[in-house]
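To start, the structure itself, in structure tokens.
Every number in this text was worked out from the coordinates using simple rules, so none of it is lab data. Worth saying up front: this structure is predicted, and the values here are computed from it rather than measured. Here the Cβ positions follow ideal geometry from the backbone for every residue, glycine too, while neighbour counts run over all protein chains shown.
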Amino acid sequence: MHRSEPSLSLATYRILVVEDDEMLRETMVAIMEDCGAGVAGVANGSEAFERLQSEHFDAVITDIRMAGGNGITLIQNINAHFRENRPIVFICSGFSDLDAHDYRHLDVAGVFEKPFQLTDMVERVLASLQSRKK
Amino acid sequence: MMMGEWHFVFGVLSIGLGVVSLIYFLNYHRMLRSFRLTLESTSDIIFVVDLQGRYVDVFASQENLLVYSRERLIGRKISDVVGPELGSKVNFHVQQAVETGRRQVLEYSLTLQNEKKHFEATFERRDSRVAVVMIRDVSGKVELTKQIEEERLRRIESVRLASLGQVAGGIAHEINTPLAVILANAQQLRRTLQNEPLDRERIEKNAERIELTSQRIAKIISGMRTLARDGVKDPMEPCDLAFLVQGVLDLCAERLASKNVHVSFECPRGTQINGRFVQLSQVLLNLVNNAVDAMDEAAIAHKQIWVEVRSLDSGIEISIVDSGPGVPNELRGQLFKPFFTTKPVGKGSGLGLSMSASWVKDHGGTIELVDDEARGAHFLLRFPTAHSSEV
Ligand SMILES: Nc1ncnc2c1ncn2[C@@H]1O[C@H](COP(=O)(O)OP(=O)(O)OP(=O)(O)O)[C@@H](O)[C@H]1O
Ligand SMILES: [Mg+2]
């Protein structure tokens with residue numbers, strides 16, 4: 001009756017989840033940990049940027065609207081600060097934010113609209129990470 | 001008695017009658033002339049009515065405005081023609097006009113030839129027994145007033161929806177985020193169930209998150225419903241201000257967060273005012289939205305809103321203060337006028353503050369912009385203390 005989940009492995013990757021909703025953040029972190037990734041979760045853009053400056057992450061998945069440092073500013077900071085080792089950036093966001101900004105100039109690998117399918121998210125993050133490695 | 005005497009009596013009587021009718025005749029013509037004038041200028045029907053509630057005379061600009069012809073009306077009782085209910089109202093006003101000499105006005109409607117018509121009757125004393133009733137067909141006017149009123153309600157409705165629309169973006173986000181939580185946890189639950197042995201702790205955790213998050217959505221929706229409702233006819237009841245203000249702030253939470261606005265809220269425990277919860281919430285919502293707009297527009301670096309509730313002997317005060325640019329002196333006088341807005345077309349209707357002011361007034365309160373040297377705009381609301389029943 002239910003389809004079996006494809007076995008996804010994010011092993012060896014480090015991912016930073018930036019989401020101000022605590023429960024969503026916890027769930028995202030748990031699922032990606034299940035897939036083997038090293039995951040850290042933070043609640044806003046400024047915290048995220050601090051983490052990024054002291055640790056390496058392969059990918060960042062960030063919400064847009066957050067109290068205390070929004071996602072757009074975070075992505076701009078990432079773009080200004082990193083060159084070769086820039087993490088791949090994904091946006092996870094409520095639908096209503098999507099028309100507010102133009103993401104195309106921000107070099108974002110994907111946008112996940114809430115509520116998103118987690119498997120879909122993991123697959124796409126994995127695909128991006130693998131294609132970059134090649 | 002002698003015949004001559006009878007003749008004399010009759011003679012005197014008839015002279016008397018003659019004089020009376022002559023006077024009446026002259027008066028009648030003067031009356032008629034003035035009636036005609038009035039008839040042509042303003043009135044559609046004029047009745048002369050006596051204290052017994054009978055038609056003494058009738059003039060109509062159009063026959064079809066009368067239930068019966070003039071001839072059939074004269075001498076009849078009004079209540080026999082228009083029914084006892086309207087009849088007694090007319091009699092009452094005739095008496096009032098005759099006794100006090102003051103002009104009386106009565107509005108009523110009648111169905112004539114299957115068409116409902118509205119009339120306005122003005123009663124004026126003619127002498128100690130008779131009043132003149134001038135009647136205007138105001139059906140057109142009533143229809144117009146009704147249209148204006150409907151238009152006004154539509155406007156108010158659209159404003160309410162617009163201010164709701166402003167937070168709707170935030171609400172979509174507010175609901176999409178918890179939906180994402182539910183979806184993610186359901187998916188994780190399913191994955192967990194595929195692995196033996198079952199990780200019960202984890203399953204419990206997923207279920208708990210789904211439960212809590214569903215309740216959160218329910219709360220958001222009920223808050224939304226509250227504000228989307230039309231609160232005009234709600235009864236006045238004691239409203240807990242801490243609860244009310246927090247509800248409004250919760251509803252704006254996303255918008256406040258996305259614009260990076262900090263909020264401080266102080267309210268003495270148990271402060272209440274007597275009022276309509278929804279309307280008061282809408283007043284506060286508009287003030288908060290205005291503050292956010294003003295600070296956003298002026299690109300203020302540190303955006304802050306203070307909501308302060310004070311319970312004083314003189315009543316309850318609520319201050320909504322922002323760290324924005326404030327209101328320029330030259331605009332202060334216009335702020336509460338309907339349709340005054342400095343916002344772009346489609347964004348502000350300029351009705352927020354004027355509607356707020358009238359609602360606050362309905363609550364026996366006041367709203368004003370007060371000077372606040374240190375901060376930005378400071379709106380001060382004052383309400384009478386709610387007389388809560390003794391506990
Ligand atoms: N906190 C504030 N700081 C500065 N100006 C303000 C503030 N609040 C209101 N104003 C000014 O008062 C005007 C009228 O406000 P009002 O709430 O009546 O209408 P609006 O906000 O323009 O439109 P609407 O409320 O229908 O969206 C605003 O356009 C703005 O210029
Ligand atoms: Mg407003």
If amide hydrogens are placed 1.01 Å from N in the peptide plane, which non-local residues have theirs closer than 5 Å to the one on residue B:275? B:237, B:239
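Can you list, largest first and rounded to whole Å, the semi-axes you get for segment A:14-129 by taking the square root of 5 times each eigenvalue of its Cα gyration tensor? Spell out each step's value before the answer.
Values: eigenvalues 64, 56, 41 Å².
So the equivalent ellipsoid measures 18, 17, 14 Å along its semi-axes.
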So what's the net charge close to residue A:86: Lys and Arg +1, Asp and Glu -1, counting the other residues with Cβ under 12 Å from its Cβ? -1
So, R0 is 45 Å and r is the distance between the beta-carbons of residue A:51 and residue B:366; what FRET efficiency does that work out to, to 0.05? 0.35
Pairwise label distance in nanometres, residue A:79 with residue B:92, each label 7 Å out on the Cα-Cβ vector: 7.6 nm
Most mobile of A:54, A:93, A:46 per a Gaussian network model of chain A (Cα springs, under 10 Å)? A:54
Give the long-range amide H neighbours of residue A:114: residues separated by 5 or more places, or on another chain, with amide H under 5 Å away, using H modelled in the peptide plane at 1.01 Å from N. A:93, A:94, A:95
Amide H neighbours of residue B:323 at under 5 Å, excluding residues fewer than 5 places away on the same chain, with H built from the backbone geometry, are B:304, B:376
Between residue B:301 and residue A:9, with labels modelled 7 Å along Cα→Cβ, what's the label distance in nm to one decimal, could you check? 5.1 nm
Just A:56, A:81, A:105 to compare: in a GNM of chain A, with alpha carbon springs under 10 Å, which one fluctuates most? A:105
Can you give the extra length, in nm with one decimal, that the chain gains between residue B:108 and residue B:233 once fully stretched, where that is 0.36 nm per residue apart less the Cα-Cα distance? 42.5 nm
Once you've got the GNM for chain A with C-alpha springs shorter than 10 Å, pick whichever of A:23, A:32, A:66 has the biggest mean-square fluctuation. A:23
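Quickly estimate the mean residue ellipticity at 222 nm for chain A, helices only: each DSSP H run with n ≥ 4 gives -39500 (n - 2.57), and the total goes over all residues, rounded to 500. Spell out each step's value before the answer.
Working: 4 runs with 50 residues, N = 134.
Using -39500 (n - 2.57) per qualifying helix, the result is -11500 deg cm²/dmol.
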Where the centre of each part is set by its Cα atoms, how far does segment B:264-333 sit from segment B:95-140, in angstrom? 50 Å
In nanometres, what is the gap between the two model label sites at residue B:63 and residue B:154, each 7 Å from Cα along Cα-to-Cβ? 4.0 nm
